[in-house]
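Trainee: Sending over a structure as structure tokens; questions will come in a sec.
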Amino acid sequence: MSTINFRSLQRANQRKTVGLLAGMAVLITVVVYAVLTYFGKGGIGIVPIAFAVAMLMVWGSYYSSDTLVMTMTGAKVLDYDDNPKLFDLVQEMTIASGIQMPKVAVVEDSAPNAFATGRNENHAVIAFTTGILDVMDREELQGVIAHEMAHVKNRDTLVSAIAATTAGAIAMLSDMLMRVMWFTGSGRDRENNDNGGNPLAMIASLVVILLAPLAAVLLRSAISRRREALADATAVAFTRNPAGLRQALEVLQRDTTVVHQRSTAVAHVWIESPLDSSSVSKLFATHPPLEERIALLRQMEANPTTNQ
Amino acid sequence: MTTTIVIVAVLALIVLFFVGGYNRLIRLNVSVDEAFSQIEVQLKRRSDLIPNLVETVKGYAAHEKSTLDAVVAARAKSTTATTVADVAAADGAVTQALRGLLAVTEAYPDLKASANFLSLQEELGTTENKVSFARQFYNDNVRALNQAVKTFPGTLFAGMAKVGAREFYVVDDPQNRQAPNVKF
């Protein structure tokens with residue numbers, strides 16, 4: 001990469017998301033192939049069932065993501081008069097991004113954090129903890145708002161729903177197959193087995209079925225990290241001011257309090273992961289490390305002309 | 001039989017390619033228009049704030065007549081501009097005059113402490129930011145359109161769609177090109 005600016009970073013992260021989603025598709029194909037090898041044609045019927053169940057589960061939470069996440073986090077929607085300065089800043093970002101005015105909500109929590117959700121821009125909600133509104137100045141808050149609006153513009157609720165559906169379906173598939181094996185014994189004993197004569201293929205298939213859920217979760221986390229990096233780059237496209245978001249992330253880095261809510265179910269929606277970084281390994285992290293994000297923003301600051 | 005299907009499929013693809021390319025240019029052109037009207041909305045809002053601001057400042061600093069007159073004159077001129085270049089020039093003049101006025105107010109602590117002035121200052125600050133972001137959004141849209149018009153396959157449809165490269169919104173003031181950054 002010759003020069004680092006928001007345009008090159010946006011392109012790179014979009015490209016990597018596509019690559020990771022393609023990786024998900026490859027993983028599904030491999031799993032289906034393994035099911036065919038191990039159980040023969042009889043076992044394949046389970047694949048659409050797993051996908052249907054995962055889709056039903058994820059689609060429900062995707063469709064009502066705005067109300068659901070708000071209930072889970074206890075966020076309250078604000079009116080203009082409740083916080084004119086915050087609304088002014090959000091309005092500035094709607095003009096910079098060209099998207100509609102989202103609902104603005106606040107979460108009673110002293111830990112500084114923020115999130116965006118909603119299935120599309122008509123149902124978008126961006127929420128801030130009372131802590132972040134207290135500690136950040138206008139410029140920093142503008143960076144945070146831009147990051148959240150970038151999630152709305154990039155349709156990240158949809159992207160994460162797609163990732164969650166595939167990861168969920170693979171997990172369910174693996175689980176169901178394990179139960180089937182438990183009750184029926186090794187697939188080798190079954191009559192309608194096409195590949196019964198090849199123990200190596202059988203072992204390989206078993207390993208694939210066992211490890212696929214792990215691979216799916218890793219891919220899902222990687223997609224989430226790419227979308228966070230993309231939201232940072234898009235935020236700079238909106239504000240043309242990498243320093244604002246960089247200072248905001250530094251405030252988050254200095255801050256040691258963490259949002260009380262530690263539910264992994266909604267961890268990915270926050271701007272800073274509410275989960276303890278030591279308990280979550282880097283590969284499973286939903287966010288790139290703050291140091292990395294700050295370093296990239298610094299590089300963007302160093303090339304002011306390419307950010308115009 | 002199969003050749004007919006292939007021919008129909010290829011024709012369908014060509015039609016889709018043309019419709020898609022044509023519509024894309026039209027869409028980009030419309031979004032430039034929309035972005036420009038957003039600039040005008042924000043300029044209008046700023047314009048509406050000026051009489052109130054001038055009245056408030058007059059109450060405390062009546063003898064700063066030349067600065068006040070400059071703002072009023074710049075505002076009056078801006079209402080008649082229509083082309084992109086004229087609107088941009090008038091916008092620059094108002095920004096300049098307002099900056100002069102705000103600099104003058106520094107010398108009047110009573111004015112700066114008045115509640116009316118403080119709320120006006122916040123409103124003016126955010127409006128100035130909104131104008132800047134509207135300019136930026138417009139220029140981003142012009143950039144996307146111009147790129148599409150000048151590169152393949154956009155060049156094929158530009159004539160047919162009667163869509164050409166559009167003018168950037170350039171304000172002749174180096175300070176305006178920086179990221180909006182109003183502190184208070």
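The values are calculated or read from the model by the stated rules, or taken from the named source; none is laboratory data. Just so we're clear, the structure is a prediction, and the values are computed from it rather than from any experiment. In this analysis, Cβ positions are derived from the backbone assuming ideal geometry, glycine residues included, and neighbour counts consider all displayed protein chains.
Trainee: Starting from residues that are within 17 Å of A:M70 (Cβ to Cβ) and in contact with a Ser or Thr (Cβ under 6 Å, 6 or more places away or on another chain), keep the ones in the stretch A:119-136 and report whichever is surrounded by the most Cβ atoms within 10 Å (Cβ to Cβ).
Mentor: A:V125
Trainee: Quick one: is A:A163 under 30 Å from A:L36 (Cα atoms), in contact with a Lys or Arg (Cβ under 7 Å, 6 or more places away or on another chain) and either at pLDDT below 90 or of a type in the set (A, V, I, L, M) (or both)? So that I can check it myself, show each step before the final result.
Mentor: Working: under 30 Å from A:L36 (Cα atoms): yes; in contact with a Lys or Arg (Cβ under 7 Å, 6 or more places away or on another chain): yes; either at pLDDT below 90 or of a type in the set (A, V, I, L, M) (or both): yes.
For A:A163, the condition - under 30 Å from A:L36 (Cα atoms), in contact with a Lys or Arg (Cβ under 7 Å, 6 or more places away or on another chain) and either at pLDDT below 90 or of a type in the set (A, V, I, L, M) (or both) - is met.
Trainee: Let me ask another. Go through (1) in a helix (DSSP H, G or I); (2) under 30 Å from A:M24 (Cβ atoms); (3) touching a strand residue (DSSP E or B) at 6+ places or on another chain (Cβ under 7 Å) and name the single condition A:I126 misses.
Mentor: A:I126 satisfies every listed condition except (1).
Trainee: State whether one or more residues within the stretch A:34-53 are under 17 Å from A:T165 (Cα atoms), at pLDDT below 90, aromatic (F, W, Y) and within 25 Å of the chain's Cα centre (by Cα).
Mentor: Yes, because at least one residue in the stretch A:34-53 is under 17 Å from A:T165 (Cα atoms), at pLDDT below 90, aromatic (F, W, Y) and within 25 Å of the chain's Cα centre (by Cα).
Trainee: Report yes if A:V159 is part of a helix (DSSP H, G or I) and away from chain B (no Cβ under 13 Å), otherwise no. Can you show your working first?
Mentor: Numbers: part of a helix (DSSP H, G or I): yes; away from chain B (no Cβ under 13 Å): yes.
Answer is yes for this residue.
Trainee: Using the structure shown, decide if B:G59 is in a helix (DSSP H, G or I) and more than 30 Å from the chain's Cα centre (by Cα).
Mentor: yes
Trainee: Within 14 Å of chain A (Cβ to nearest Cβ), within 16 Å of the chain's Cα centre (by Cα) and free of Cβ contacts under 8 Å to residues at least 40 places away in the same chain: does that describe B:N139?
Mentor: Considered against the rule, which asks whether it is within 14 Å of chain A (Cβ to nearest Cβ), within 16 Å of the chain's Cα centre (by Cα) and free of Cβ contacts under 8 Å to residues at least 40 places away in the same chain, B:N139 comes out as yes.
Trainee: Look at the stretch A:72-104 and say how many of its residues are surrounded by fewer than 16 Cβ atoms within 10 Å (Cβ to Cβ) and over 19 Å from the mean Cα position of the chain (by Cα).
Mentor: Qualifying residue count for the region: 11.
Trainee: Among the residues of the stretch A:83-108, which ones are assigned to a helix (DSSP H, G or I) and within 10 Å of chain B (Cβ to nearest Cβ)?
Mentor: Residues of the stretch A:83-108 assigned to a helix (DSSP H, G or I): A:84-97.
Passing the criteria: A:P84, A:K85, A:F87, A:D88, A:L89, A:Q91, A:E92, A:M93, A:T94, A:I95, A:A96, A:S97.
Trainee: While we're here: Specify the residue that is surrounded by the fewest Cβ atoms within 10 Å (Cβ to Cβ); the eligible residues are those in the stretch B:86-136 that are of a type in the set (D, E) and within 24 Å of the chain's Cα centre (by Cα).
Mentor: This residue is B:D86.
Trainee: Mind checking which residues of the stretch B:62-115 are farther than 20 Å from B:Y138 by Cβ, touching a Ser or Thr at 6+ places or on another chain (Cβ under 8 Å) and not in a helix (DSSP H, G or I)?
Mentor: Across the stretch B:62-115, the qualifying residue is only B:S114.
Trainee: Has the stretch B:71-85 got at least one residue that is buried (at least 16 other Cβ atoms within 10 Å of the Cβ) and more than 22 Å from B:V170 (Cβ to Cβ)?
Mentor: yes
Trainee: Does the stretch A:46-76 hold any residues that are among the hydrophobic types (A, V, I, L, M, F, W, C) and farther than 17 Å from A:R119 by Cβ, and which are they? Please lay out each step first, then the result.
Mentor: Taking the stretch A:46-76 and keeping what is among the hydrophobic types (A, V, I, L, M, F, W, C), we get A:46-47, A:49-59, A:68-70, A:72, A:75.
A:I46, A:V47, A:I49, A:A50, A:F51, A:A52, A:V53, A:A54 - these are the residues of the stretch A:46-76 that are among the hydrophobic types (A, V, I, L, M, F, W, C) and farther than 17 Å from A:R119 by Cβ.
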